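Peer 1: Before I ask anything, here is the structure I am working with.
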Amino acid sequence: MEIKSRVPGKLVRYEKQVGDAVKVKDVIAVMEAMKMKQLVPSPIDGVVKEILVEPGTRVPAGKVLAIVE
């Protein structure tokens, strides 16, 4: 499943790395938008398979940040 940014902003950091197991609602990434932190949770249980955006990058809403399977 593609994990996408909900809002345009800057990707601050990942809380999970490739190979990490995640549960529903575990925070995968932290973004900054309008000077507020936005948490990006996992909608499914699974394992982080791929990280597609480097921290510090500005991304539009809907940009795929990571893949969880």
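The values are calculated or read from the model by the stated rules, or taken from the named source; none is laboratory data. It should be emphasised that the depicted structure is a prediction, and the values quoted were computed from it without experimental measurement. Here Cβ is always computed from backbone atoms with ideal geometry, including for glycine, and neighbour counts include all displayed protein chains. Accessible surface is based on the protein model in full, side chains and every heavy atom, while ligands, DNA and RNA are left aside. Shrake-Rupley method; radii C 1.70, N 1.55, O 1.52, S 1.80 Å.
Peer 1: Could you work out how much longer the chain between V30 and V47 gets when fully extended? Use 0.36 nm per residue separation minus the Cα distance between them, nm to one decimal.
Peer 2: Separation in residues times 0.36 nm, less the Cα-Cα distance, equals 4.3 nm.
Peer 1: If amide hydrogens are placed 1.01 Å from N in the peptide plane, which non-local residues have theirs closer than 5 Å to the one on A66?
Peer 2: I3, L52
Peer 1: For the stretch 10-17, take each phi angle, set θ = phi - 60°, evaluate the Karplus expression 6.51 cos²θ - 1.76 cosθ + 1.60, and give the result in whole Hz per residue in order, putting x for glycine and proline.
Peer 2: My calculation for the stretch 10-17 gives 9, 6, 7, 6, 9, 8, 10, 10 Hz in order.
Peer 1: Using only the Cα atoms of the chain, construct the convex hull and provide its projected area averaged over every direction, in square nanometres to one decimal.
Peer 2: The Cα convex hull of the chain, projected and averaged over all directions, gives 3.7 nm².
Peer 1: Listed highest first by mean packing, meaning other Cβ atoms within 10 Å per residue, what order do 44-57, 21-34, 3-16 come in?
Peer 2: Order by mean packing, descending: 3-16, 21-34, 44-57.
Peer 1: I've got another one for you. If you add up the charges near Y14, with Lys and Arg at +1 and Asp and Glu at -1, over every other residue whose beta carbon is less than 12 angstrom from its beta carbon, what do you get?
Peer 2: Local charge sum for Y14: -3.
Peer 1: Cα-based count: Lys pairs in the chain below 15 Å, eight or more positions apart or different chains?
Peer 2: Lysine pairs satisfying the spacing and distance rule in the chain number 10.
Peer 1: With only Lys, Arg, Asp and Glu charged, each at its Cβ (+1 for the first two, -1 for the last two), find how big the charge dipole of the chain is about the Cα centre; round to the nearest 20 debye.
Peer 2: The dipole magnitude comes to about 380 debye.
Peer 1: Where only protein heavy atoms count, and the probe is 1.4 Å, what is the accessible area per residue for the chain in Å²?
Peer 2: Computed with neighbouring chains in place, this is 62 Å² per residue.
Peer 1: Next question. Work out, step by step, the length gained on full extension between Q38 and V7: first 0.36 nm times the residue separation, then minus their alpha carbon distance; give nm to one decimal.
Peer 2: In short, 10.3 nm is gained.
Peer 1: Could you list which residues have their amide H under 5 Å from that of V47, counting only those 5 or more apart in sequence or on another chain, with H placed in the peptide plane?
Peer 2: V22, E69
Peer 1: Given contacts defined as C-alpha pairs under 8 Å and at least six residues apart, what's the relative contact order of the chain, whole-number percent?
Peer 2: This gives 44 percent for the chain.
Peer 1: Hey, another quick one. Can you give the net charge of the other residues whose Cβ lies under 14 Å from the Cβ of A66, counting K and R as +1 and D and E as -1?
Peer 2: -1
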